[in-house]
Amino acid sequence: MVLSEVGEVELDVPRDRDGSFEPQIVKKRQRRLSGVDELVISLAAKGLTTGEIAAHFADVYGANVSRDTISRITDRVLEEMIAWQSRPLDRVYPVIFIDAIQVKIRDGQVANRPVYTVVGVTVDGMREILGIWIGDGGEGAKYWHQVLSEIRNRGVNDVCILVCDGLRGLVESVTDVWPLAIVQTCVLHLVRNTFRYASKAHWYELARDLRSVYSAATEQAARERFDEFAGKWGERYPAIIRLWENAWAEFVPFLAYNAEIRKVIYSTNAIESVHARLRRSVRARGHFPTEQAAMKCLYLAVRSLDPTGRGQQRWSNRWKPALNAFAITFEGRDRTPSFGPGVMRVLVGCRSFVGVRTRQVSCSRGIGVVGSGCTRAASRRGAAAPRAAC
């Protein structure tokens, strides 16, 4: 009797005298077909608990599958999860978003623990989850330096803009790991935090007055609008003025860009849809016994995101105008040597963030990477590949 995705199936296995017969589809002593494991992992990724999965098998297939068996099946993704968390990444990301959700984990006693998700947008406009990290609630510069260094060691040599929501110690760590990166606070979170200190009767008027601040054409114009805002609301809500003053240094980079870039770094919405799926998976479980159990649940949810790929395509299409703006604003950032001594990157006649393919060519002192679209025709004609000063 074996368990399959259509229920329990009884097999009549032929026997021979010397026991040399070896089944090919259902191996000896196999209790489940591979489709059952895939079904269990799929149900777990949808947010069902082990008890709910066992009840599903009993109701739909009339099969008894214990919770321990279901847990052992889902444990098979742990090695895959470790490989995913340490996989190589792209060399440059125009934007990286960092945000957190709260997950209950039992460590002596049940407590809320922040789970940080890092999402990067590639030079082709594709959204990619770079990794998930569980904190203890007291993260500082040391913790963030470790996380960002891990990302850099996986191949990320440059980030143009990093968008976050006032995480303590992150700004200093970003400067150490990626000196050219700009840290931008999430403007939407800043506006939402403003409402925490104000009466609901004044929310509409506050939002209208703040819109003139973050939609200003220049930093100087934004400062003038903010001074007017402070003169109007400072006496009634001094905590709001202090909130914006403390976040001003991380807010003003937003004002240096055109409307297309502002639109994508205004908020961390790029990561909110991912967090919505993660919250749905963890909500049914209440709390987790260990960090590993929480990570397994979150990875299963990430694993099942966008199975058709249509969401990724829609996301890429929406990002095309912003990527063109990034190519102009951060032109040349892809030229920084990143492969060690004697190796360089040269893009001839190509923009940095168009996502052109490259190939290696010989150079007098090393290896150069040259845009293939620029040199292919010349190489077919037998002309020498372009060189650059090493």
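Since every read-out is calculated from the coordinates, none of them should be taken as a lab result. What you see is a predicted model, and the numbers here were worked out from it, not measured in a lab. Here the Cβ positions follow ideal geometry from the backbone for every residue, glycine too, while neighbour counts run over all protein chains shown.
Could you work out how far apart the two model spin labels at Ala249 and Asp136 are, taking each label as a point 7 Å from the Cα in the direction of the beta carbon, and quote it in nm?
Once both label points are built, they end up 2.7 nm from each other.
Label point 7 Å out from Leu78 along Cα-to-Cβ: which residues of segment 41-71 have amide N under 15 Å?
68-71
Once label points are set 7 Å from the Cα along Cα→Cβ at both Ala221 and Ala111, what is their separation, rounded to one decimal in nm?
According to this spin-label approximation, the distance is 4.8 nm.
Check Gln184: other-chain or 5+ apart residues with amide H under 5 Å from its amide H, H built from backbone geometry?
Result for Gln184 returns Leu162, Val163, Cys164.
Tell me, Thr308, Thr175 in order of fewest to most beta-carbon neighbours within 10 Å?
Thr308, Thr175
At what distance in nm do the modelled label points of Met126 and Ala259 sit from each other, each positioned 7 Å from its Cα along Cα→Cβ?
Inter-label distance under the simple model: 3.1 nm.
Lys and Arg at +1, Asp and Glu at -1: add these up for the other residues within a Cβ distance under 11 Å of Ser212 and post the number.
So the environment of Ser212 carries a net charge of 0.
For the cross-link pairs Lys142/Lys263; Lys200/Lys320; Lys104/Lys142; Lys46/Lys104, which exceed 27 Å when the distance is taken from alpha carbon to alpha carbon?
Pairs exceeding the cut-off: Lys142/Lys263; Lys200/Lys320.
Among Leu43, Leu170, what is the fewest-to-most ranking by other Cβ atoms within 10 Å?
The order, fewest Cβ neighbours first, is Leu43, Leu170.
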